[in-house]
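Take a look at the structure set out below.
Each value in this text was obtained by applying a stated rule to the coordinates, not by laboratory testing. Everything numeric in this text was worked out from a predicted model, so none of it was measured. Cβ placement follows ideal geometry from the backbone for every residue including glycine, while neighbour counts extend to all protein chains displayed.
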Amino acid sequence: MLKKVRHIGIVVDDLNKAVARFNKTLGLNFTEFIERKEVGVNIAFAPVGEMFVELLHYTEANQNRSSIVRKQEGAINHICFEVDDLEEAIKYFRERGLRVAEGYPRVGGHGKVAFFEPSTTEGVLIEICQV
């Protein structure tokens, strides 16, 4: 059965820009880059604990639209990263250009949470949580 989250895949318009922004704002260190010419995709992986954030950039628009991955039109609602100290994490991320969403921080399902404005995180809704 399921053991853990392996990675979260996010399609981006500009891989270099997304890697730079996630590195600068969240401190993600992308350590693996793969080019799959036969599929028309470039991929970057950043380890986070026991999982990875995977950024995908399709190099040719609408190439092979029959692919289930390329046809996916839904979106991940959000990605949540656990932190030790929510206030310190908010300060750290604000210094790197992220903006906290209106109404946050506040109590969430499993502790204190904050979301960042997607306009500052490559369109991805990112949550941080102190359990």
Notebook entry, point to check: Taking only Cα atoms, what is the 0 to 90° angle, nearest 10, from helix 86-95's long axis to the longest principal axis of the chain?
Noted result: 60 degrees
Item checked: Rel. contact order, % - alpha carbon contacts under 8 angstrom, at least six apart, the chain -> 22 percent
Note to self: What distance in nm lies between label points placed 7 Å from Cα along the C-beta direction at His7 and Thr59?
What the structure shows: 1.7 nm
Next item on the list: May I ask you to list the lysines whose Cα is less than 22 Å away from that of Lys4, ignoring any residue fewer than eight positions away on the same chain?
Entry: none
Notebook entry, point to check: Using alpha carbon centroids, what distance separates region 34-61 and region 86-121, in Å?
Noted result: 26 Å
Notebook entry, point to check: In degrees, nearest 10, range 0 to 90: what is the angle between the Cα axis of helix 15-26 and the longest Cα principal axis of the chain?
Noted result: 10 degrees
Next item on the list: Subtracting the Cα-Cα distance from 0.36 nm times the residue separation, let me have the gained length for His78 to Glu50 in nm, one decimal.
Entry: 8.2 nm
Next item on the list: May I ask you to sort Phe22, Phe33 by Cβ crowding, counting other Cβ atoms within 10 Å and putting the fewest first?
Entry: Phe33, Phe22
Checklist line | Cross-link reach list, lysines versus Lys91, counting only Cα pairs under 16 Å and skipping chain neighbours closer than eight places | finding: Lys24, Lys112
Note to self: As a test of the formula, what do you get for the chain when each DSSP H run with n ≥ 4 contributes -39,500 (n - 2.57) and the sum is divided by the residue count, at 222 nm and rounded to the nearest 500 deg cm²/dmol?
What the structure shows: -5500 deg cm²/dmol
Item checked: Calculated log₁₀ intensity ratio I(q)/I(0) where the Debye formula runs over C-alpha points of region 76-131, q = 0.30, 0.31 Å⁻¹ -> -1.37, -1.43
Next item on the list: Restricting to the chain, compute how many DSSP beta bridges are antiparallel as a %, nearest 5.
Entry: 70 percent
Item checked: Taking only Cα atoms of the chain, radius of gyration then Dmax in Å -> 15.7, 46
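Treating only the Cβ atoms of Lys and Arg (+1) and Asp and Glu (-1) as charged, compute the dipole magnitude of the chain about its Cα centre; round to the nearest 20 debye.
Charge dipole of the chain: 240 debye, to the nearest 20.
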